């Protein structure tokens with residue numbers, strides 16, 4: 001398999017910076033910028049709500065290109081929870097998606113997990129896993145205490 005090479009992303013040096021660039025690229029339908037957020041590895045993984053597990057940059061890029069063919073994705077990350085270490089970070093969040101319906105704009109919710117690794121190119125996404133959510137789940141996650149003990 002030919003390994004696709006991507007231009008290094010032009011953002012800062014934290015998982016938060018990569019995540020912000022990822023969602024900004026979705027909101028503007030910029031597949032090159034979105035793919036620059038991903039690690040340059042064949043084993044990166046993306047799962048969209050109700051969709052199959054996509055493995056590798058070629059499959060992930062094709063899925064986002066197909067999605068952007070229908071317009072941009074107005075996803076706003078909310079209720080972020082972080083678990084971070086020296087070389088990896090896991091972000092659990094709720095995406096609030098604006099969807100246009102015949103009655104006007106409506107909101108849908110997606111529960112997502114984004115995993116980042118520190119690579120030679122800096123922090124990069126290695127997993128984006130999204131599942132259908134509900135407004136109730138989004139509101140409930142806002143009430144969860146930050147401290148376990």
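Okay, here's what the table says:
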{"read-out": "Spin-label pair residue 82/residue 99, simplified geometry with 7 Å Cα→Cβ offset, distance in nm", "value": "3.1 nm"}
{"read-out": "Burial ordering of 110, 94, 83, 58, fewest other beta-carbon atoms within 10 Å first", "value": "83, 58, 110, 94"}
{"read-out": "Hypothetical label at residue 53: residues of region 60-85 whose amide nitrogen lies under 19 Å (7 Å Cα-Cβ projection)", "value": "60-64"}
{"read-out": "Region 15-142: radius of gyration over Cα atoms, expressed as a fraction of 2.2 N^0.38 Å", "value": "1.03"}
{"read-out": "Relative contact order, percent, region 55-104 [alpha-carbon distance under 8 Å, six or more residues apart]", "value": "31 percent"}
{"read-out": "Fewest-first ranking of 116, 68, 22, using other Cβ atoms within 10 Å as the exposure measure", "value": "68, 22, 116"}
{"read-out": "Percent RCO, i.e. relative contact order, over region 15-142, from Cα pairs under 8 Å lying at least 6 residues apart", "value": "25 percent"}
{"read-out": "Cβ-Cβ FRET estimate between residue 121 and residue 69, R0 fixed at 25 Å, reported to 0.05", "value": "0.35"}
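A short reminder: the numbers here are calculations on the coordinates, not readings from a lab. Because the structure is predicted, anything quoted here is derived from the model rather than measured. For neighbour counting, all protein chains shown are included, and Cβ atoms are generated from backbone atoms with ideal geometry for every residue, glycine included.
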